[in-house]
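The values are calculated or read from the model by the stated rules, or taken from the named source; none is laboratory data. Computed from a predicted structure; not experimentally measured. Cβ placement follows ideal geometry from the backbone for every residue including glycine, while neighbour counts extend to all protein chains displayed.
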Amino acid sequence: VLVQLRTSEFMDIVNANALYRPGPMEMIPSFVRRKFGQEKVDYIDESLKDILEPTYGTIVFQEQIMLLVQKFAGYTLGMADILRRAVSKKDAEVLLNERKRFVEKASRLGHSEALANQVYDYIVKFANYGFNKSHSVAYSLIAYWMAYLKRHYYRYFMATLMSNSVGSTSSIRNYLADCKKKKVVVDLPSINYSRDEFVVHNNEIYYSLLGVNNLGTLTLNNLLEERDRNGLYKSYQDFITRTKDILNKRVVENLIHAGALDEFNMPRKQMVLEYENALSIAMYNEILGDSLIEKEVVTEEYTFEEISMYEREALGFNFKYSAFLKYQDLKQKYKTIDINDLTVGKNRTVIFAIKYIRQIYTKNNDEMAFLTVYDESAEIDVVCFPNTYKNVKGILAENKYYIAMGDVDIRNDKMQLVLNTIKLLD
């Protein structure tokens, strides 16, 4: 709408905000044409021009209704508000009574009965569409500020949006996609440069440490306090030594799998395997006041699929290491749909990985299964009925990737996929 209006002043935003709602949306084409002189503007009566001219002869705001009846029929402000609320309810008896009062009061001010009825009809037509102008101004001012900040301070703006969306993977994904379009780099969380919010460092956005699963606010505050007080963590051993009383093994592993310790230049798998040894060295040095030397690191790393799986567990979704990337050509060939974009209907084709499998027996003692599957966009429950399950049971396994076709429906207010066919991908 703002593009159609060729926004040139603040009130264009205010008007668009009020119009872009169910009901008044149908007036937008006429409103745009009137702004550019492509449609005649009718004020019904010249006495109403100063009230209706700013909105091209259209009642956009509730305040215009009140000003109009005050000026045309001599209503007090209180009476004008009562009429506005009464007319918006569209009650036939109330409309009739208010019409009589409006026409009578307008006639006393010298307006003809015909004109008064015409103005009243105009009010009734738009009364239910009018939006509170003060609200629209406030919303529009916020929208203007946000648009300005996004345009001129994009990295900081997006960092703030993502900080406010920690815990909502769908929102984070959308913001990351926007950053990618703008060629703005968003880095994995960093144990040395990330904080409890998404932050901008060296012109790049660093993922929030609070976005790492199982790392609570209190624990993170202690972690950051240690870093702020004693400087950056210099190595994996230094990190374990300084945080042994702050972090447990599970949190350390999640930080590793999220990529937060990648700057120590050790394979992730090796850091997981070395945790107990690093902790022993830290405790030995603390107790004996000695400096036990770290043993030489043996290079060892997870497979790409393992890195992808662990990253998803640590962050809630695949941020950098998505195993689905190698299936892009397949997605285009079969026109598959992302889980997040699925709609109710038949023969939906999806590429996904299986997270959980739960096998049950029906009343007839037939095997069937419920699956929880995921792709880069979301998760969904899959139902595999007996006739299908007996044919595909042998290929189903957790953490494997598949292309499948099924019917999408709603059960218990939740979308699910009823499996028809499925094929294991290499």
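Show me the helices (runs of 4 or more DSSP H) entirely contained within segment 1-86 in which 2 or more residues are touching a residue at least 60 places away in the same chain (Cβ under 8 Å) and in contact with a strand residue (DSSP E or B) (Cβ under 9 Å, 6 or more places away or on another chain).
Values: elements: 10-19, 28-35, 49-52, 62-73.
Once the helices (runs of 4 or more DSSP H) in segment 1-86 are filtered for at least 2 residues that are touching a residue at least 60 places away in the same chain (Cβ under 8 Å) and in contact with a strand residue (DSSP E or B) (Cβ under 9 Å, 6 or more places away or on another chain), what remains is 10-19.
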Flag for residue 404 being small (Gly, Ala, Ser) and modelled with pLDDT of 95 or more: yes
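Taking only segment 161-173 into account, find how many residues are buried (at least 16 other Cβ atoms within 10 Å of the Cβ) and either part of a helix (DSSP H, G or I) or not assigned by TED's automatic domain parsing to the domain that holds residue 205 (or both).
Total meeting the criteria: 6.
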Members of segment 405-415 found to be without any contact (Cβ under 8 Å) to a residue 60 or more places away in the chain, surrounded by fewer than 18 Cβ atoms within 10 Å (Cβ to Cβ) and part of a strand (DSSP E or B), listed by number: 405, 411, 414
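Of these, 9, 53, 39, which one is under 21 Å from residue 115 (Cα atoms) and either outside the structural domain of residue 87 (by TED's automatic domain parsing) or surrounded by fewer than 18 Cβ atoms within 10 Å (Cβ to Cβ) (or both)? Step through it out loud before you land on a result.
Working: 9 fails: under 21 Å from residue 115 (Cα atoms); 39 fails: under 21 Å from residue 115 (Cα atoms).
When all the criteria are applied, what remains is 53.
Name the one entry in 402, 361 that is aromatic (Phe, Trp, Tyr) and in contact (Cβ under 8 Å) with a residue 24 or more places away in the chain.
Values: 361 fails: in contact (Cβ under 8 Å) with a residue 24 or more places away in the chain.
Result of the check over 402, 361: 402.
Please tell me if residue 116 is outside any loop (DSSP other than H, G, I, E, B), more than 29 Å from residue 8 (Cα to Cα) and more than 37 Å from the chain's Cα centre (by Cα). Even if it seems obvious, please write down each step before you answer.
Details: outside any loop (DSSP other than H, G, I, E, B): yes; more than 29 Å from residue 8 (Cα to Cα): yes; more than 37 Å from the chain's Cα centre (by Cα): yes.
In short, yes.
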Of all residues making up segment 92-102, the number that are of a type in the set (Asp, Glu) and either closer than 12 Å to residue 119 by Cβ or touching a residue at least 40 places away in the same chain (Cβ under 8 Å) (or both): 0
Sole exception among (1) crowded, with 16+ Cβ neighbours inside 10 Å; (2) outside the structural domain of residue 113 (by TED's automatic domain parsing) for residue 3, by number: (1)
Candidate set: segment 366-404, residues that are within 32 Å of the chain's Cα centre (by Cα), outside any strand (DSSP E or B) and among the polar types (S, T, N, Q); chosen: the one surrounded by the most Cβ atoms within 10 Å (Cβ to Cβ): 377
Some residue of segment 290-305 being modelled with pLDDT under 95, assigned to a helix (DSSP H, G or I), among the acidic types (Asp, Glu) and over 21 Å from residue 319 (Cβ atoms): no
Members of segment 350-407 that are among the hydroxyl-bearing types (Ser, Thr, Tyr), within 19 Å of residue 324 (Cα to Cα) and out of contact with any Leu (no Cβ under 8 Å at 6 or more places or on another chain): 372, 374, 377
Some residue of segment 210-217 being free of Cβ contacts under 8 Å to residues at least 24 places away in the same chain, over 23 Å from residue 145 (Cα atoms) and either assigned by TED's automatic domain parsing to the domain that holds residue 250 or over 16 Å from the mean Cα position of the chain (by Cα) (or both): yes
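Just to be sure, is residue 299 free of Cβ contacts under 8 Å to residues at least 12 places away in the same chain, within 30 Å of residue 266 (Cα to Cα) and not charged (D, E, K, R)? Spell out how you get there, then give the answer.
On the way: free of Cβ contacts under 8 Å to residues at least 12 places away in the same chain: no; within 30 Å of residue 266 (Cα to Cα): yes; not charged (D, E, K, R): yes.
No.
Going through 105, 89 one at a time, which residue ends up being without any contact (Cβ under 8 Å) to a residue 40 or more places away in the chain, of a type outside the set (S, T, N, Q) and out of contact with any Phe, Trp or Tyr (no Cβ under 8 Å at 6 or more places or on another chain)?
Numbers: 105 fails: out of contact with any Phe, Trp or Tyr (no Cβ under 8 Å at 6 or more places or on another chain).
None of the others qualify; the one that does is 89.
Tell me which residues, restricted to segment 219-246, are aliphatic (A, V, I, L, M) and either modelled with pLDDT under 95 or more than 25 Å from residue 205 (Cβ to Cβ) (or both). If you could, list the steps in order and put the result at the bottom.
Step one: of segment 219-246, the residues aliphatic (A, V, I, L, M) are 220, 223-224, 232, 240, 246.
Those that are aliphatic (A, V, I, L, M) and either modelled with pLDDT under 95 or more than 25 Å from residue 205 (Cβ to Cβ) (or both): 240, 246.
Looking only at segment 255-262, decide whether some residue is of a type in the set (Asp, Glu) and closer than 21 Å to residue 315 by Cα.
Here is the first cut: in segment 255-262, the residues of a type in the set (Asp, Glu) are 262.
Those still in the list that are closer than 21 Å to residue 315 by Cα too: 262.
Yes - at least one qualifying residue is present in segment 255-262.
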